[in-house]
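Here's the structure, in structure tokens; my notes come after.
The values are calculated or read from the model by the stated rules, or taken from the named source; none is laboratory data. All values derive from a computational prediction rather than experimental measurement. Because the Cβ atoms are built from the backbone with ideal geometry, glycine has one as well, and the counts that use them run over all protein chains shown.
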Amino acid sequence: MFIRLPATLAMTLGALASSAGALPADSTVVVVWNEAALEEVRRGRMGPPVVARALAIAHTCIYDAWVPYDAHALATTAPVPRRPAPEHNDVNKAKAISFAAYRCLVNLFPAGASRLETLLRSLGHEPLDNSTDPSTPQGIGNVAAAAVIAARRHDGSNQYGDLGSGAYADYTNYASLNAPMPFCLPTTPGPCPLNVSNPYVWQPLINDVPVTQSFVAPHWENVRPFALSSGAQFDNRPEFVAGPNYLRGPSQYAADVDSMLFYSRNLTAHQKLAVEYWADGPQSEFPPGHWSLFAQYVSQRDRNSIDADVKLFFAMQNASFDAGIVAWHMKRKFDGVRPITAVRYSKQGVRLTAWGGPQRPIEVIDAGKWSPYNPGSNLSPAFPGYVSGHSTFSAASAAVLKAVTGSDTFGFAAVVSPNFGRVEPGVPSVPTTIRYATFTAALEEAGMSRLYAGIHFADDNTDGQLLGNLTADVAWKKAYGLFTGGLPEATFVQGKNVTCRNVMLSAQTYDNVVVPAGARCVLLGTQVNGNLELRSGASMDASNATIKGNLSGDYTSSVHVRGGRIHGSVQVKNGKTLSLRGTRVDSVQLEDNSGALVLSDLRVSGDIDLEGNSGGAKLLRNRIGGELACEDNHPAPVGSGNSASSKEDQCRHL
């Protein structure tokens, strides 16, 4: 289905989405288990929000099993005691993660037990090892998984079918206000029956088998979220109070219908391919799984460590989980009509120009037979339209990927083979490359693809994206707080010099910030009008912060900066680990540091100088206005995609 591009950054989903065994050899154990989860999703019949929950639970198990091997992170459930620093190695982390992932995935996908057992054995572990000894990796993994599974046992999802008849079944007695619509295409002989009782609400469809749709997970608004207070958290925002556009009057209803007809009569080859590519994910992982594949790509692109992947997938999948809850709340609340009902109802008896059906051109058809350009035998998904799940899932996932990497840079490309499409042959007619330079570009096309397909109105998409972004903000703040040890949020008076001792500074403004010896400081959206100084043994973790002066430190413990802007220089000497991701900065000077250094997606107006560092340095996709110079670093820095006015000494090959 997909073939590999020659370009370094053009990893294909085909290489990722076939099976765990086909993953790149240097994939982390986190990616291996993510792919195992996706394989079970492909084999099952879960709906989109149920998939999001399953992936979130799997990566919560993985995260909680990893926490005892981190210096500061907090678990989501009953914590396992932190292990001594000498045990914080990849071997122990991988074993604990594998046992936790295996136990959780068998619980979520019991039909895949034998496949999951085979994978665990292939990694060198014994599935029958049920140890709960918290001093061993397998014990930690087993205990962490059991705690997460227990915590989710009664979360409102009805996973075990004890609230309704069958796993994940509805227990809220949803009933559609419209009778089902009989199956009909523009090519169907004779008239199509029109049976619309309420043109403003969803109408289930009968497919060509025939099977009648049932609302997938109408109870999902009752599921306990990861970070949100409830699925109704954003109901009072003015953007959502009035609901979908078409409820505001006949002219708005007509405008929504006309917009669908515009896309239908102007479908381009690119739009058809976008519909097919985003329909259910590359191999029916649905949007939450599709973005998992993108996260796999980011992991490979950035050569992520186990630690980085644990955080990346945990944050993204839990944001996606909450996005599903809030989107399905909106679907249940407004019961939004799909375009197929609105167009056929409002244009009945009219002849109009539109897509003529599979293997037909754009032509004049009976409006009562108008059909979406959507693959599969269900012409629209089995749940109400407002808001778009694709848009909500995609916006939430993209926002977290930007937050974790510090940058909107994506650089993804995939070649789609001829006749990939399921609606009609010849989509595409020749091998065609899909490219997304940024996460934003990907999420925007994901949303627009549903308009091209004729299954969502414009505000289903825009309101869904807003909902996803709002959800991601809340989820990222919670995840970031867990990663950084749950430090209390500071309440200093704004505009003052601050000593940041073991606290979090959130979206506030200060003059200068000092992190005293041995202390920790976390910045989330903080603005520092002056300098930020780290004393001996101090550490700092910043996300989307602005520092108008310099960031400096000597003999620091760790420095991690994601996104944001540093108007001055970064100067760190004799420290340990440091990472700068997606940050705009004037210059960077790193000297005699003993831990790992990571510089990725930086926009540097001046120079980057690395001298005498001994922990290894990785430089990826940095744009440097001045000189990139590396001297006397052992080992020599590695990386690719860096541009600079000149590259000196060890940096010449970067």
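Somewhere in the stretch 386-406, is a residue surrounded by fewer than 19 Cβ atoms within 10 Å (Cβ to Cβ), in a loop (DSSP other than H, G, I, E, B) and touching an Asp or Glu at 6+ places or on another chain (Cβ under 6 Å)? No, that holds for no residue. Where strands (runs of 3 or more DSSP E) fall wholly inside the stretch 609-654, the ranges with 3 or more residues that are surrounded by fewer than 21 Cβ atoms within 10 Å (Cβ to Cβ) and in contact with a strand residue (DSSP E or B) (Cβ under 6 Å, 6 or more places away or on another chain) are 623-631, 643-649. How about the stretch 360-385: which of its residues are polar (S, T, N, Q) and crowded, with 24+ Cβ neighbours inside 10 Å? Within the stretch 360-385, Ser371, Ser380 qualify. Of all residues in the stretch 530-547, none are closer than 19 Å to Gly639 by Cβ, crowded, with 17+ Cβ neighbours inside 10 Å, of a type outside the set (Lys, Arg) and in contact with a strand residue (DSSP E or B) (Cβ under 6 Å, 6 or more places away or on another chain).
Tell me, please, whether a residue that is surrounded by 20 or more Cβ atoms within 10 Å (Cβ to Cβ) and out of contact with any Phe, Trp or Tyr (no Cβ under 9 Å at 6 or more places or on another chain) can be found in the stretch 317-333. Checking the stretch 317-333: not a single residue is surrounded by 20 or more Cβ atoms within 10 Å (Cβ to Cβ) and out of contact with any Phe, Trp or Tyr (no Cβ under 9 Å at 6 or more places or on another chain).
Would the stretch 417-430 turn up any residue that is part of a strand (DSSP E or B) and more than 30 Å from Gly563 (Cβ to Cβ)? No - not one qualifying residue is present in the stretch 417-430. Assess whether Ala150 counts as being under 26 Å from the mean Cα position of the chain (by Cα), within 23 Å of Thr212 (Cβ to Cβ) and of a type in the set (A, V, I, L, M). Criteria not met by Ala150.
For Ile434, state whether it is in contact (Cβ under 8 Å) with a residue 60 or more places away in the chain and either part of a loop (DSSP other than H, G, I, E, B) or buried (at least 21 other Cβ atoms within 10 Å of the Cβ) (or both). So Ile434 fails the test.
Of all the listed residues (Thr77, Thr60), the sole one being touching an Asp or Glu at 6+ places or on another chain (Cβ under 9 Å) and within 19 Å of Trp476 (Cα to Cα) is Thr77. Among residues of the stretch 324-372 being under 26 Å from the mean Cα position of the chain (by Cα) and either among the aromatic types (Phe, Trp, Tyr) or modelled with pLDDT under 95 (or both), the one that is farthest from Gly464 (Cα to Cα) is Phe334. Taken over the stretch 541-566, residues that are closer than 17 Å to Asp511 by Cα, under 30 Å from the mean Cα position of the chain (by Cα) and outside any loop (DSSP other than H, G, I, E, B) amount to 5.
Only residues that are among the hydrophobic types (A, V, I, L, M, F, W, C) and either farther than 17 Å from Pro191 by Cβ or part of a loop (DSSP other than H, G, I, E, B) (or both) were counted across the stretch 318-367, and they come to 14. Screening Thr136 on (1) touching a Cys at 6+ places or on another chain (Cβ under 6 Å); (2) farther than 26 Å from Ala382 by Cα shows it passes everything except condition (1). Residues in the stretch 205-228 that are farther than 24 Å from Ser371 by Cα and among the hydrophobic types (A, V, I, L, M, F, W, C) were compared, and the one that is surrounded by the most Cβ atoms within 10 Å (Cβ to Cβ) is Trp220. Of all the residues in the stretch 168-220, those that are touching a strand residue (DSSP E or B) at 6+ places or on another chain (Cβ under 7 Å) and in a loop (DSSP other than H, G, I, E, B) number 11. Entry remark, the stretch 96-126: residues being touching a residue at least 24 places away in the same chain (Cβ under 8 Å), surrounded by fewer than 21 Cβ atoms within 10 Å (Cβ to Cβ) and under 23 Å from Ala56 (Cβ atoms) number 4 in total. State which residue is nearest to Gly464 (Cα to Cα) when the search covers only the stretch 229-246 and only residues that are surrounded by 15 or more Cβ atoms within 10 Å (Cβ to Cβ) and among the hydrophobic types (A, V, I, L, M, F, W, C). Only one residue tops the list, namely Phe240.
Of the residues making up the stretch 186-201, those that are surrounded by 15 or more Cβ atoms within 10 Å (Cβ to Cβ) and in contact with a Leu (Cβ under 8 Å, 6 or more places away or on another chain) are Tyr200, Val201. Restricting the search to the stretch 630-654, which residues are at negative phi and among the acidic types (Asp, Glu)? Hits for the stretch 630-654 are Glu631, Glu648.
The lone criterion from (1) under 23 Å from Gln359 (Cα atoms); (2) surrounded by fewer than 17 Cβ atoms within 10 Å (Cβ to Cβ) left unmet by Arg450 is number (2). Each residue in the stretch 338-359 was checked for being crowded, with 23+ Cβ neighbours inside 10 Å and in contact with a helix residue (DSSP H, G or I) (Cβ under 7 Å, 6 or more places away or on another chain), and 6 of them qualify.
Scanning the stretch 231-266 for residues that are among the small types (Gly, Ala, Ser), touching a residue at least 60 places away in the same chain (Cβ under 8 Å) and not in a helix (DSSP H, G or I) yields Gly231, Ala232, Gly243.
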